[in-house]
Amino acid sequence: MQQKFNTKVWLLLLATLVIRIITVVYIGKTPCMDYQYYSQAYRLINFRGKIDLFITPSYGFLLYLAQAIVKSPFWASAIVYILFSFGASLLSYLLAQKLFNQKTAELMLLLGLFMPNFTTAVAGYSHTTTVSAFFILAALYAIVSFVKGTGSPLKYGILFAAFTLMSTFIRPESLIICFALSLCIFFFKTRIIHKKVLFMVLSWLIIGLGLMGHGAFIKSRSTSQYPSLFSDAKYSYRTYMATFSDARHKYKYYENSIVLKCDTCVEDTVALSLSTQAFGSAESNHYSMFRAMLKNPKVALLNDFYNAKKMLDYFAHPLFCPFYIYLFIGIGLFALIRQKDKQTLILLLSFFLISFVPILFARAEIRYMMNCLYPVLYLAAFGLSQLQPGKEQRISLILITLFNFMFYLIYLVNNHLLASLCG
């Protein structure tokens with residue numbers, strides 16, 4: 001399909017870039033973890049030998065490079081957000097072109113213009129989600145280009161593997177999403193089976209080698225007794241245990257069982273104590289959260305149900321997706337079913353559902369649900385494209401854009417006024 005960048009598209013892309021710049025500059029805050037990412041990268045680059053390597057280093061290297069250019073921690077973080085947020089919007093447009101049509105692609109840009117989940121829900125809070133989302137969309141673009149084109153499976157397999165590794169090195173849970181998306185190629189009938197198998201074998205061989213290489217690097221530079229493929233196993237274990245009993249949890253004890261109930265904040269030390277009673281000591285589990293969950297699957301399942309409930313609560317939250325968008329999601333879903341486009345439907349549903357899986361084992365927060373929103377907006381944009389051109393469609397687009405802007409503005413001002421976005 002020929003890529004089209006008409007005047008309307010150029011204006012929407014320019015507006016997207018300007019809004020991303022305004023958002024991060026006006027909020028004026030650097031994500032708390034960015035300082036730790038940068039500090040770790042600085043020590044990795046400037047000191048020989050092993051260091052306390054507790055978080056995955058790739059995002060820190062990105063910050064280090066940006067800060068070497070701009071000489072400012074805030075601007076380094078801001079530039080990373082601006083570039084990758086804008087890049088994600090561009091990729092979402094190109095993907096909509098390939099999956100749907102030009103009209104839907106333009107509407108996807110318009111919907112994402114002020115969408116809080118792409119702006120005020122992440123800018124100043126967590127920029128790693130924006131960077132990983134960009135690479136996930138790039139990996140998906142390689143998949144769609146392969147199944148809808150005639151290019152070599154070697155070319156697209158290598159591209160998919162590279163983008164998957166980049167996303168995974170930023171946020172390791174991205175690997176789950178990219179793996180599920182790659183399986184969707186078998187639902188498309190446009191390429192013969194042996195080329196699909198070649199794509200899968202080649203790409204996942206490269207990914208496997210990349211992960212092994214990353215793990216070897218971590219092991220060679222980390223002082224931890226429990227190095228993982230991505231950082232220190234202690235960090236991911238403690239993160240899970242903290243979210244297992246963090247500010248959204250309270251435990252009541254009845255003999256040997258623990259019943260999960262939402263309440264007030266629990267300190268990290270208390271959380272670790274509670275998790276020890278539920279799963280045993282961290283050392284006995286070798287800092288493996290999966291080994292811990294197998295020891296007490298009932299309590300682990302309760303935590304998953306809690307996170308799932310929180311995500312359901314966020315579905316109509318303005319920071320995720322304002323409620324009025326769902327009408328057009330329904331229209332888009334109905335139109336896709338009516339057109340019998342099973343391949344696109346399976347791809348979007350897979351993207352949506354698998355994006356929730358990592359959140360079940362982490363903290364259910366809106367900024368970590370960004371990947372869930374892309375397939376939702378694709379359906380909404382497609383639904384809007386089904387409206388008859390004319391007054392009805394223009395009014396709908398004006399109202400949606402106006403309401404999106406109102407929610408965006410409210411949270412933009414609020415985040416600017418907050419003393420910190422850390423807590």
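The values are calculated or read from the model by the stated rules, or taken from the named source; none is laboratory data. These numbers come from a predicted model, not from an experiment. Heads up, the Cβs are rebuilt from the backbone with ideal geometry, glycines too, and the neighbour counts pull from every protein chain shown.
Report, by residue number, each residue of the range 101-132 that is in contact with a Leu (Cβ under 9 Å, 6 or more places away or on another chain), part of a loop (DSSP other than H, G, I, E, B) and under 26 Å from Ala335 (Cα atoms).
Selection gives Leu113, Phe114, Met115.
With the structure loaded, tell me whether Ser284 is among the small types (Gly, Ala, Ser) and surrounded by 17 or more Cβ atoms within 10 Å (Cβ to Cβ) or whether it fails that test.
No; evaluated as a whole, the condition is false for this residue.
Considering only residues that are buried (at least 24 other Cβ atoms within 10 Å of the Cβ) and in contact with a Pro (Cβ under 7 Å, 6 or more places away or on another chain), look in the range 117-133 and name the one that is nearest to Tyr378 (Cα to Cα).
Step by step, filter the range 117-133, then rank; the result is His127.
Tyr378 fails exactly one of the following numbered conditions: (1) modelled with pLDDT of 95 or more; (2) more than 30 Å from Phe305 (Cα to Cα). What is the number of that condition?
Tyr378 satisfies every listed condition except (2).
What number of residues within the range 23-62 are surrounded by fewer than 16 Cβ atoms within 10 Å (Cβ to Cβ) and touching a Phe, Trp or Tyr at 6+ places or on another chain (Cβ under 6 Å)?
0
Please determine, by comparing only the residues of the range 313-345 that are part of a loop (DSSP other than H, G, I, E, B) and aromatic (Phe, Trp, Tyr), which one is farthest from the chain's Cα centre (by Cα).
Checking each candidate, the answer is Tyr324.
How many residues are touching a strand residue (DSSP E or B) at 6+ places or on another chain (Cβ under 7 Å) and closer than 18 Å to Leu360 by Cα when one looks only at the range 271-291?
The qualifying residues number 1.
Based on what the data block shows, is Phe290 surrounded by fewer than 17 Cβ atoms within 10 Å (Cβ to Cβ) and not aliphatic (A, V, I, L, M)?
The answer is yes for Phe290.
So Ala66 passes all but one of these: (1) buried (at least 21 other Cβ atoms within 10 Å of the Cβ); (2) touching a helix residue (DSSP H, G or I) at 6+ places or on another chain (Cβ under 6 Å). Which condition number does it fail?
(1)
Only one residue in Leu110, Leu140 is at pLDDT 95 or above and surrounded by fewer than 23 Cβ atoms within 10 Å (Cβ to Cβ), so which one is that?
Leu110
Within the range 189-237, how many residues turn out to be of a type in the set (S, T, N, Q), at pLDDT 90 or above and part of a helix (DSSP H, G or I)?
Total meeting the criteria: 2.
Residue under question is Leu181, and the condition is that it be in contact with a Leu (Cβ under 9 Å, 6 or more places away or on another chain), crowded, with 17+ Cβ neighbours inside 10 Å and touching a residue at least 12 places away in the same chain (Cβ under 8 Å); does it hold?
So Leu181 passes the test.
From the residues in the range 49-100 that are more than 26 Å from Tyr226 (Cα to Cα), of a type outside the set (Lys, Arg) and in a loop (DSSP other than H, G, I, E, B), which one is nearest to the chain's Cα centre (by Cα)?
Result: Phe100.
Is there any pair linking a residue in the range 401-416 that is surrounded by 14 or more Cβ atoms within 10 Å (Cβ to Cβ) to one that is of a type in the set (Lys, Arg), with Cβ under 8 Å and at least six apart or on different chains, and which?
Partner pairs satisfying both residue conditions: Asn415/Lys29.
Pick out the one residue from Phe135, Phe146 that is under 16 Å from the mean Cα position of the chain (by Cα), assigned to a helix (DSSP H, G or I), touching a residue at least 24 places away in the same chain (Cβ under 8 Å) and closer than 30 Å to Ile193 by Cβ.
Result of the check over Phe135, Phe146: Phe135.
If a residue must be under 16 Å from the mean Cα position of the chain (by Cα) and either assigned to a helix (DSSP H, G or I) or over 20 Å from Leu301 (Cα atoms) (or both), how many such residues does the range 346-372 contain?
Adding up the residues that qualify gives 18.
Kindly provide the set of residues from the range 373-395 that are free of Cβ contacts under 8 Å to residues at least 24 places away in the same chain and part of a helix (DSSP H, G or I), ordered by number.
Lys391, Glu392, Gln393, Arg394, Ile395
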